[in-house]
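Please read the structure below before turning to the comments.
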Amino acid sequence: VEIDLHLVDLTELKKIVKDEHKDNVRGYSTYNYQKRNGKIISREFDIYILNNMPQSYFIKVAAHELMHIWQYLNSPEDNSKTLSEGSCEYASYLVVKKNFGKYYDFIKKNFNENEDPVYGGGFKRVKKFVDKNGKRSWLKLLKTKEDFPRGY
């Protein structure tokens, strides 16, 4: 899979982003494809990341956006936004939690304190699901059209 990475300024990033989180955006990914006779014949993946961020934030954002690419390749398009974004946040968490330093500590703290229902709430639900069922079950869930089971 080929992924084009673009480092962009905030003005350009906001032009690309198509959702309500435009004001807090640090990264965004796109997936375009062409079909012929019901089969995908070409795919294009692009990741846009805000330039001039500290390395720790770049790593967090890159992991989040790469998880979107994984979902484009493996998950149904109609997975819930909470499951999708929570999973991307969880993927970032897995990468960030292995690093140390004041910026990383700040990022780790923010995963648990984020009160956004989609990003923060989704992260907490995914983490709870993985803690109880394991990473394989989480990735399997993402490949289905199902949402979080009851209790998550």
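The values are calculated or read from the model by the stated rules, or taken from the named source; none is laboratory data. Computed from a predicted structure; not experimentally measured. Cβ: placed from backbone, ideal geometry, glycine included. Neighbour counts: every protein chain shown. To get the accessible areas, we keep the full protein, side chains included, count just its heavy atoms, and leave off ligands, DNA and RNA. Shrake-Rupley method; radii C 1.70, N 1.55, O 1.52, S 1.80 Å.
The figures follow:
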| item | result |
| --- | --- |
| Extension reserve of the residue 12-residue 62 stretch, reckoned as 0.36 nm per residue once the Cα distance is removed | 16.3 nm |
| Sequence-separation-based contact order of segment 31-116, relative, with Cα cut under 8 Å and 6+ spacing, percent | 25 |
| Within segment 121-143: backbone nitrogen closer than 19 Å to the residue 78 label point (7 Å, Cα to C-beta) | 141-143 |
| Derived scalar couplings ³J(HN,Hα) [segment 38-45; Karplus, 6.51 cos²θ - 1.76 cosθ + 1.60; whole Hz; x for Gly, Pro] | x, 10, 6, 10, 8, 9, 9, 10 |
| 5 angstrom amide H check on residue 5, placed H, neighbours 5+ away | 47 |
| Charge dipole of the chain about the Cα centre (unit charges at C-beta), most positive-ward option of 133, 37, 69 | 133 |
| For the chain, calculated [θ]222 nm from helices alone, where every DSSP H run of n ≥ 4 adds -39500 (n - 2.57) | -16500 deg cm²/dmol |
| In nm, spacing of pseudo-spin labels at residue 99 and residue 41 (7 Å Cα→C-beta vector) | 4.1 |
| Note, ³J(HN,Hα) from phi for segment 144-152, Karplus 6.51, -1.76, 1.60, rounded to Hz, x at Gly and Pro | 9, 8, 7, 9, 3, x, 4, x, 10 |
| Cut-off 10 Å between beta-carbons: net charge of the residues surrounding residue 44, Lys and Arg +1, Asp and Glu -1 | -2 |
| The chain, relative contact order [Cα under 8 Å, separation at least 6], % | 20 |
| Potential lengthening between residue 51 and residue 116 on full extension [0.36 nm per residue; Cα-Cα distance subtracted] | 21.0 nm |
| Electrostatic dipole magnitude of segment 1-101 [Cβ: Lys, Arg +1; Asp, Glu -1; Cα centre; debye, to 20] | 180 |
| Largest-first ordering by accessible area, 1.4 Å probe, given options 138, 70 | 70, 138 |
| Candidate residues 41, 59, 107: accessible-area rank, largest first, probe 1.4 Å | 41, 59, 107 |
| Probe 1.4 Å, protein heavy atoms only - accessible area per residue of the chain in square angstrom | 62 |
